[in-house]
Amino acid sequence: MRPPRATLTGNRVHLRPPRRADGAAFVAAVRTSRRLHGRWVSAPGTPAAYALYLSRYVRRAGLPANAALLVCRSGDEALAGAFNFSEIVRGPFESAYLGYYAFAPLAGHGYMTEGFALALDFAFRRLGLHRVEANVQPDNARSLALLERVGFVREGYSRRYIRLAGRWRDHVRFAMLAEDWRLRRASLRAAVGLPR
Ligand SMILES: CC(C)(COP(=O)(O)OP(=O)(O)OC[C@H]1O[C@@H](n2cnc3c(N)ncnc32)[C@H](O)[C@@H]1OP(=O)(O)O)[C@@H](O)C(=O)NCCC(=O)NCCS
């Protein structure tokens with residue numbers, strides 16, 4: 001089966017899979033985002049880590065187990081961030097985890113909010129998933145605000161859930177279901193430039 005076509009276009013950004021040619025710009029963006037990323041995420045910040053990321057997140061054929069989408073500013077193609085779907089499980093579950101980060105110079109301009117809506121369209125309308133789960137540290141205010149802005153529902157609390165920056169960190173569990181997204185996308189559609 002062919003993988004779903006993965007370029008999604010909004011009003012100000014578009015999402016597309018990462019390529020080998022993005023390596024230098026991606027690694028540079030991660031390095032300039034160290035303070036922003038802090039202890040919240042661990043993004044590939046060396047050429048070797050980027051190569052591993054590509055091998056894990058970009059598949060040439062078949063339905064993916066992981067899928068990455070770069071947030072590119074339309075016009076100049078500047079990298080604004082990334083969305084990473086992992087552990088995509090089909091069958092009765094139809095679920096994936098979603099991780100994300102902005103890149104420092106372009107953070108705080110609304111690009112990730114727009115990108116999030118496009119990424120959810122990818123998950124629910126192209127991959128046909130039923131559930132997307134996102135886990136966030138309880139004191140990560142910007143990420144909590146982003147999830148709430150997009151319409152994720154808080155489901156629970158996972159103790160010592162992911163080891164980041166050398167420590168097991170508690171996370172709050174959020175999810176968006178396909179049913180939720182059908183309602184939520186209607187209110188975001190015009191602002192983001194989602195297709196009908
Ligand atoms: C969490 C994170 C991805 C949010 O990214 P971001 O770039 O701030 O996201 P956005 O720009 O879309 O956020 C919207 C902000 O831009 C503002 N904004 C500016 N112009 C805007 C526009 N045209 N449209 C919408 N929002 C706009 C919003 O008001 C909002 O600001 P506020 O937080 O003061 O309310 C980013 O902070 C990050 O990478 N953090 C570190 C990594 C991380 O925590 N990842 C998640 C782990 S769970």
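Rule-based calculations on the coordinates, nothing more; no lab input. Please read all numbers here as calculations on a predicted model, not as lab measurements. Cβ: placed from backbone, ideal geometry, glycine included. Neighbour counts: every protein chain shown.
Hey, could you get me the Stokes-Einstein D for the chain, Kirkwood radius over alpha-carbon pairs, 4 °C and 1.567 mPa s, rounded to whole µm² s⁻¹?
77
I'd like the trypsin sites (Lys or Arg not before Pro) in region 8-83 restricted to DSSP loop residues with at most 12 other Cβ atoms within 10 Å, sorted by number.
Passing both the DSSP loop test and the Cβ count: 19, 60.
With a cut-off of 11 Å, note down the residues of region 47-73 whose backbone N falls inside the zone around a label point 7 Å from the Cα of residue 7 toward its beta carbon.
The answer is none.
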